[in-house]
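Shown next, in structure tokens, is the structure this report addresses.
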Amino acid sequence: MTAIIQISDLSKTYQSGTAALSGVTLDIREGEILALLGPNGAGKTTLISILCGLVTPSSGRVTVGGHDLSRDYRAARALIGLVPQEIALESFETVLNTVSFTRGLFGKAPDAAWLEKLLRMLTLWDKRDARLMELSGGMKRRVMIAKALSHQPKVLFLDEPTAGVDVNLRREMWQVVRDLRASGVTIILTTHYIAEAEEMADRIGVIDGGRLLLVRDKHDLMHEFGRKRLTVELTEKIDTLPAGLAAPGLALADDGLHVTYDYDTRADRSGIARLLAGFAEAGLSVRDLETEQSSLEEVFLRLVEEGK
């Protein structure tokens with residue numbers, strides 16, 4: 001898949017001496033959703049600010065659609081739309097005028113057909129003549145996305161797109177993002193909601209301490225770094241596990257009916273067959289088996305801890 005953004009050895013050190021980014025190298029694929037995860041102060045906002053031309057890097061190179069961001073700024077920036085975390089809108093202006101004005105800032109000629117299509121896609125067309133002060137918080141976020149897409153960029157950056165919104169609205173926003181990807185827009189989002197990244201992203205990038213720890217396909221990441229838990233339900237209660245069953249990751253639940261076994265998906269052998277054979281040898285009858293994959297949140301926390 002073609003890379004629409006290429007980042008090479010990108011670093012940023014502020015005058016205070018704070019190293020916000022260190023040697024970040026990354027290709028962002030055309031048409032993908034890439035989620036950037038990291039704790040507060042990890043460097044996510046600095047990275048996005050550099051890619052959007054808002055902050056000058058200390059070293060390194062960025063190209064957007066083949067245009068060098070430092071030498072051909074206008075052409076590179078024209079390919080990018082940015083939705084910041086903070087909602088910044090003119091309260092007394094209408095939706096349509098706001099989006100039209102932003103398109104003009106990029107030197108684009110008026111295009112009523114495109115703006116209508118855009119506002120319909122974001123379910124804002126019926127609100128086109130409404131003043132922004134009259135809109136709900138969720139509608140205002142949609143207007144922010146419409147502004148970012150008004151000049152028809154190929155790349156959209158979303159910085160905490162669902163911060164402070166309720167669960168139902170968050171799911172609506174997820175669908176908006178999927179629709180945008182389906183229309184051919186490449187999307188890079190930062191989020192503190194791990195479930196958001198797990199739900200939407202094609203690839204996951206983890207940043208901590210200004211370093212890009214890894215970038216992986218979401219499913220490959222879950223398989224490579226995830227753990228699984230096997231829960232065995234017994235037909236009769238037991239007080240303790242037989243001595244012959246003792247193994248790392250094995251535990252008896254308080255109810256005496258369930259035994260849990262945590263194992264690494266990367267291991268050559270899971271140990272499950274040996275475990276079940278041990279149950280049979282100990283005379284324990286099994287009623288049911290259930291497996292559970294670790295969540296992306298657990299994988300993320302593990303990666304950050306290992307990166308320290």
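Values in this text are rule-based calculations from the coordinates and carry no lab data. It should be emphasised that the depicted structure is a prediction, and the values quoted were computed from it without experimental measurement. Using ideal geometry, Cβ is built from the backbone for each residue, glycine included, and neighbour counts are taken over all protein chains shown.
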- Task: Could you list the chymotrypsin sites (Phe, Trp or Tyr not before Pro) in the stretch 75-108 that lie in coil according to DSSP, counting only those with at most 16 other Cβ atoms within 10 Å of their Cβ?
- Result: 92, 106
- Can you run phi through the Karplus equation (6.51, -1.76, 1.60; θ = phi - 60°) for the stretch 207-214 and list ³J(HN,Hα) in whole Hz, with x for Gly and Pro? 10, 8, x, x, 10, 7, 5, 5
- Task: Would you mind checking which residues have amide H under 5 Å from residue 59's amide H? H placed 1.01 Å from N; only 5 or more apart, or other chain.
- Result: 11
- Item | Listed residues 134, 290, 198, most fluctuating in the chain (Gaussian network, C-alpha, under 10 Å) | 290
- Item | Helix-derived mean residue ellipticity, 222 nm - over the chain, DSSP H n ≥ 4, -39500 (n - 2.57), to 500 | -9500 deg cm²/dmol
- Antiparallel bridges, percent of DSSP beta bridges restricted to the chain (to nearest 5): 70 percent
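What pairs from 117/218; 127/147; 108/154; 12/44; 117/154 go past 22 Å between their alpha carbons?
Working: 117/218 31 Å; 127/147 14 Å; 108/154 15 Å; 12/44 12 Å; 117/154 16 Å.
Exceeds cut-off: 117/218.
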- At q = 0.12 Å⁻¹, base-10 log of I(q)/I(0) for the chain (Debye sum, equal scatterers on each alpha carbon): -0.85
- Quick one: angle between helix 167-182 and the longest Cα principal axis of the chain, in degrees between 0 and 90, rounded to 10, please. 70 degrees
- Query: How big is the charge dipole of the chain about its Cα centre, in debye rounded to the nearest 20, if each Lys and Arg gets +1 on its Cβ and each Asp and Glu gets -1 on its Cβ?
  - Reply: 1420 debye
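Run the numbers on the chain and let me know its relative contact order in percent, using alpha-carbon pairs under 8 Å that are six or more apart.
Details: 541 pairs, mean separation 59.2, N = 308.
Over the chain, the number comes to 19 percent.
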- Message: From the phi angles alone, apply the Karplus equation (6.51, -1.76, 1.60; θ = phi - 60°) to the stretch 15-30 and give each ³J(HN,Hα) in whole Hz, x where the residue is Gly or Pro.
- Response: 4, 5, x, 6, 8, 7, 9, 9, x, 7, 10, 6, 9, 9, 7, 5
- If one builds a Gaussian network model of the chain from Cα atoms under 10 Å apart, the most fluctuating residue listed among 136, 70, 49 is 136
- What list of ³J(HN,Hα) couplings, whole Hz, do you get for the stretch 140-149 from phi and the Karplus terms 6.51, -1.76, 1.60, once you set θ to phi - 60° and write x for glycine and proline? 4, 5, 5, 5, 4, 5, 4, 4, 5, 9
- Query: For the residues 188, 238, what sequence is obtained by ranking on other C-beta atoms within 10 Å, fewest first?
  - Reply: 238, 188
- Amide proton proximity set for residue 29, modelled H, under 5 Å, gap of 5+: 4
